[in-house]
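Notes follow once the structure below has been shown.
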Amino acid sequence: MNERCADGIIELLMQKNPTALSHLGIVGEYGVETGDFDTRYEGDPVEGTPLHYYLARERRGNIDLGMVKKFVEACPEALTMADPESKYTPLHSHVCNLGIDVDIVRI
């Protein structure tokens, strides 16, 4: 998901194709960035839902809490959906890309 894509465009896409929110996929050739979560997957594509990609946006001010709530309301199961191999969830997308200590989150 383009980190510069306006939330209004994302909302329109969510309305037009809500079933897409529950599908794992790789956008382009890169997949979801894993940061330091697990070096076994560093550089390898990791599948993610649109929520994974939204929460993986690199700039802190580029993630809107209201938009996250819309993702969750539209597809609550996306919160626990994970790449089958890495078990990488949307929460991992968020904490790894914002520099939050993953070990603290794992507790």
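The values are calculated or read from the model by the stated rules, or taken from the named source; none is laboratory data. Since the model is a prediction, treat every value here as computed from it, not as a measurement. Virtual Cβ from ideal backbone geometry, glycine too; neighbours counted across all protein chains shown. Keep in mind that these areas ignore ligands, DNA and RNA; they rest on the heavy atoms of the full protein, side chains included. Shrake-Rupley method; radii C 1.70, N 1.55, O 1.52, S 1.80 Å.
Of all residues in segment 51-65, which are open to solvent by less than 30 Å² (accessible area, probe 1.4 Å) and not polar (S, T, N, Q)?
Result: Leu51, His52, Tyr53, Tyr54, Leu55, Ala56, Arg57.
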Looking at the structure I just gave you, is Val68 open to solvent by less than 80 Å² (accessible area, probe 1.4 Å) and at pLDDT 75 or above?
yes
With the structure loaded, tell me whether Asn17 is open to solvent by 30 Å² or more (accessible area, probe 1.4 Å) and at pLDDT 90 or above or whether it fails that test.
yes
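Tell me, yes or no, whether segment 22-39 has at least one residue that is modelled with pLDDT of 85 or more and hydroxyl-bearing (Ser, Thr, Tyr). Reasoning before the result, please.
Initially, segment 22-39 is screened for residues modelled with pLDDT of 85 or more, giving 22-24.
Pick out the ones that are also hydroxyl-bearing (Ser, Thr, Tyr) and you get 22.
Yes, because at least one residue in segment 22-39 is modelled with pLDDT of 85 or more and hydroxyl-bearing (Ser, Thr, Tyr).
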Specify the residue that is least open to solvent (accessible area, probe 1.4 Å); the eligible residues are those in segment 73-91 that are closer than 21 Å to Gln15 by Cα and assigned to a loop (DSSP other than H, G, I, E, B).
Cys75
Any idea which of (1) at pLDDT below 75; (2) open to solvent by 30 Å² or more (accessible area, probe 1.4 Å); (3) closer than 20 Å to Arg4 by Cβ is the one Ile100 doesn't satisfy?
(3)
Within segment 45-55, is even one residue modelled with pLDDT under 80 and touching an Asp or Glu at 6+ places or on another chain (Cβ under 7 Å)?
yes
